[in-house]
Amino acid sequence: MDTALPLTTDMKLVLGLVVFTMVMFLFERIRADVVALVVLVLLGLAGLVEPELLFNGFSGNAVISIVATMILGAGLDRTGALNRLAGWLLRRANGVEQRLLLYTTAVAGLNSSFMQNPSVMALYMPVASRLSSRTGLSLPRLLLPIAAAIVMGGALTMVGNSPLMLLNDLLVAANANLPSGAATIEPLKMFAPLPIGLVLVGASLAYFHYFGDRRLRDKEDEGPGATPARTQSYFAKTYGIDGDVYELTVSADSPLVGMSLGEAEALRGAPLLLALKTGDESRLAPPADARIWVGSVLGAMGDKQVVADFAQNNFLRLSARLRNFADLFNPSRAGISEAVVPPTSKFLGKNAADLGLRKNLGLSLLAVNRDKQVLREDLRNIILRSGDMLVLHSIWTDLAEASQSKDLVVVTDYPKGEQRPHKLKIALAIFTVAMLLALSSRLPVSIALMTGVAGMLIAGVLHIDEAYAAINWRTVFLMACLIPLGWAMDSSGAAAWVAGHSLEQLPRGTPIWMLEILVGVLTTAFSLVISHVGATIVVVPLAINLALAAEGNPTAFALIVALSASNNFMTASNPVISMVTGPAGYTARDLWRIGGPLSIIYTIVIVAMVELMF
């Protein structure tokens, strides 16, 4: 390669736009997606990208793949898959902290291999909160290891994160500007980075097991960080409503046979009876006059010993595993809430029995908070007053419907969208088919993933408006508008000029692995300023030209860039890290102290693995 390539006007314009982008991203006076749009327009006005190609980024495989993964992630979320996962993790951990941390972070890392990292983190936030509230394990000790595993797990597949999705498009585009005689760069297959991703996830697990968790314990001793609302612990502390949900099957010898649910609840030592299955019909918040028969199954909530004593005294078979009520008690579908009785409510002067809260509205009344006094006895006969705070258990959709009448003002944040846990198997089957199609070399990944999107829409896992709402248009615009900047870096010769002059500054005979480390560190530094997407778009053309000049492997250099673009565990400019900083109370010092060593390990691992693979 000619390292004495003259610096043309087009090169100066492109490099000026790169500097402009970095400065604007650094000071954040204007939103990043708006800056990207301005750069796109300037590329067109300056003639640095052909007008007919300027907006092709919006239809690129990378952008379409990202849109598809966002929608697929929303479909899995609607089915409550990760809420079930939280229960599975708790059962497998058997109360052992280190085992719970290991399982949770490992599974989060695997999940991030086929979903966008911020989407996975958003799904794991309530999972982590639930695990924390049920085990006493603090959020600071949970969230950063989960976030790190999610970032690492994004390297398992070519759809695990935005930089890897972009990479193949950038490799194909680079072929148009290769010097004569250079071999064509082939796109990477779906699981090309899998060995690297596995080692990264393993390194993250080992780091937090042997080193990072000790530092997080030190932070825990300094004082707990702010945590998200923990519904279960809040209601336990405020109202004494605590415990897990169990299934009680009624035997032929049980004295409950023939009783109404109301009569069973009035028995001494009875737990909260929230669900009833008789025959093939299961119902949450069954009416008080519903009869209990042989073979009926009760959904009871309370302390394990209290429920066990009630079961023994009444000849009931207890099961901690929810075989009949798993969908009904899925936290994404149902849960506990607070609602205030306003002065205009039709509930005033009436009691729960008169209102038929269970029969007519599907609401189970668990407690009444009146003038800072918690009432839990004889709830059916308490006359409601203005200002009473009712503690309710219900399906979220029933709660939303009840709140529309304005007779109750719900003060608990709860899922407003319709949850579809009954679609879980369908969603998983569709997702599996999409992943298998993506493995096929005959189909582009974007088509395979969009096939899964179409399947979820047809099967009713998602409605089309929900699919639109799942797309983060800010991310889409940011990526689509910056892609032409990468093309301009390559086509104008700016990348070749920078690569040639950079190589001249290095000692002769600098080994390839040293150049790869420098590229990885440069990309990491860029990602701290212009985001992982911007760093990938700007540095990949530079890395390819540097590899050609040094007689290295362009694909290896480009892959190091795409992987290093996510190597940011030290600042909130990484969207995954930014999501956990506030809830866990991490300070900038915490992130640098714990994330800094992890970032060094990340660079060493990817360079070593790329050297072995290429």
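The values are calculated or read from the model by the stated rules, or taken from the named source; none is laboratory data. Since we're looking at a predicted model, the values are computed, not measured. For neighbour counting, all protein chains shown are included, and Cβ atoms are generated from backbone atoms with ideal geometry for every residue, glycine included.
Before moving on, here are some points about what is shown:
- When residues of the range 356-388 are limited to those that are farther than 14 Å from G262 by Cα and without any contact (Cβ under 8 Å) to a residue 24 or more places away in the chain, the one surrounded by the most Cβ atoms within 10 Å (Cβ to Cβ): V368
- Boolean, R215 is surrounded by fewer than 24 Cβ atoms within 10 Å (Cβ to Cβ), under 23 Å from the mean Cα position of the chain (by Cα) and either touching a residue at least 60 places away in the same chain (Cβ under 8 Å) or over 14 Å from A584 (Cα atoms) (or both): no
- Extreme residue, surrounded by the fewest Cβ atoms within 10 Å (Cβ to Cβ), among residues of the range 288-342 that are hydroxyl-bearing (S, T, Y) and farther than 17 Å from L267 by Cβ: S319
- Conditions (1) of a type outside the set (S, T, Y); (2) closer than 17 Å to G197 by Cα; (3) outside any helix (DSSP H, G or I); number of the one not met by A608: (3)
- Sole residue being touching a residue at least 40 places away in the same chain (Cβ under 8 Å), surrounded by fewer than 20 Cβ atoms within 10 Å (Cβ to Cβ) and not hydroxyl-bearing (S, T, Y), chosen from L43, L48, L13: L13
- Test: A550 is hydrophobic (A, V, I, L, M, F, W, C) and either surrounded by 24 or more Cβ atoms within 10 Å (Cβ to Cβ) or free of Cβ contacts under 8 Å to residues at least 12 places away in the same chain (or both): no
- If the condition is being under 21 Å from L26 (Cβ atoms) and either without any contact (Cβ under 8 Å) to a residue 40 or more places away in the chain or surrounded by fewer than 22 Cβ atoms within 10 Å (Cβ to Cβ) (or both), then the range 590-606 contributes L591, W592, G596, S599.
- Within the range 337-348, residues that are of a type in the set (S, T, N, Q) reach partners that are assigned to a loop (DSSP other than H, G, I, E, B) with beta carbons closer than 6 Å, at six or more positions or on different chains, in the pairs S337/T412; S337/Y414; S345/D407.
- Scanning the range 238-266 for residues that are of a type outside the set (G, A, S) and in contact with a Leu (Cβ under 8 Å, 6 or more places away or on another chain) yields Y239, I241, V245, Y246, E247, L248, T249, V250, L256, L261, E265.
- Selection from the range 343-355 of residues that are part of a helix (DSSP H, G or I) and surrounded by 21 or more Cβ atoms within 10 Å (Cβ to Cβ): A352
- The residues listed here are G486, G520; of these, the one that is within 30 Å of A608 (Cα to Cα) and touching a Ser or Thr at 6+ places or on another chain (Cβ under 7 Å) is G520.
- Residue within the range 557-566 that is touching a helix residue (DSSP H, G or I) at 6+ places or on another chain (Cβ under 9 Å) and modelled with pLDDT under 85 present: no
- Here A353 does not fit the description of being at pLDDT 85 or above and either touching a helix residue (DSSP H, G or I) at 6+ places or on another chain (Cβ under 7 Å) or among the aromatic types (F, W, Y) (or both).
- Residues of the range 457-505 that turn out to be part of a helix (DSSP H, G or I), within 19 Å of the chain's Cα centre (by Cα) and either buried (at least 24 other Cβ atoms within 10 Å of the Cβ) or β-branched (V, I, T) (or both), as a count: 2
- Positions within the range 384-399 being in contact with an Asp or Glu (Cβ under 9 Å, 6 or more places away or on another chain) and either among the β-branched types (V, I, T) or not in a loop (DSSP other than H, G, I, E, B) (or both), in sequence order: M389, L390, V391, L392, W396, T397
- Considering residues of the range 429-446 that are modelled with pLDDT under 90, of a type outside the set (G, A, S) and assigned to a helix (DSSP H, G or I) only, the residue nearest to R333 (Cα to Cα): F431
Yes/no per residue for (1) assigned to a helix (DSSP H, G or I); (2) modelled with pLDDT of 90 or more; (3) out of contact with any Asp or Glu (no Cβ under 9 Å at 6 or more places or on another chain); (4) within 25 Å of S162 (Cβ to Cβ):
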{"site": "P507", "(1), (2), (3), (4)": "no, no, yes, no"}
{"site": "I517", "(1), (2), (3), (4)": "yes, yes, yes, yes"}
{"site": "L528", "(1), (2), (3), (4)": "yes, no, yes, yes"}
{"site": "V533", "(1), (2), (3), (4)": "yes, no, yes, yes"}
{"site": "T555", "(1), (2), (3), (4)": "yes, yes, no, yes"}
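- Qualifying residue in the range 24-43 (condition: over 17 Å from C481 (Cβ atoms) and either in contact with a His (Cβ under 9 Å, 6 or more places away or on another chain) or modelled with pLDDT of 85 or more (or both)): no
- Tabulated pairs, the range 562-580, first closer than 16 Å to Y124 by Cβ, second among the hydrophobic types (A, V, I, L, M, F, W, C) and in a loop (DSSP other than H, G, I, E, B), C-beta under 7 angstrom, 6+ apart or interchain: I577/F569; S578/A572
- If you go through the range 287-304 and keep only what is β-branched (V, I, T) and part of a loop (DSSP other than H, G, I, E, B), you end up with I292, V294.
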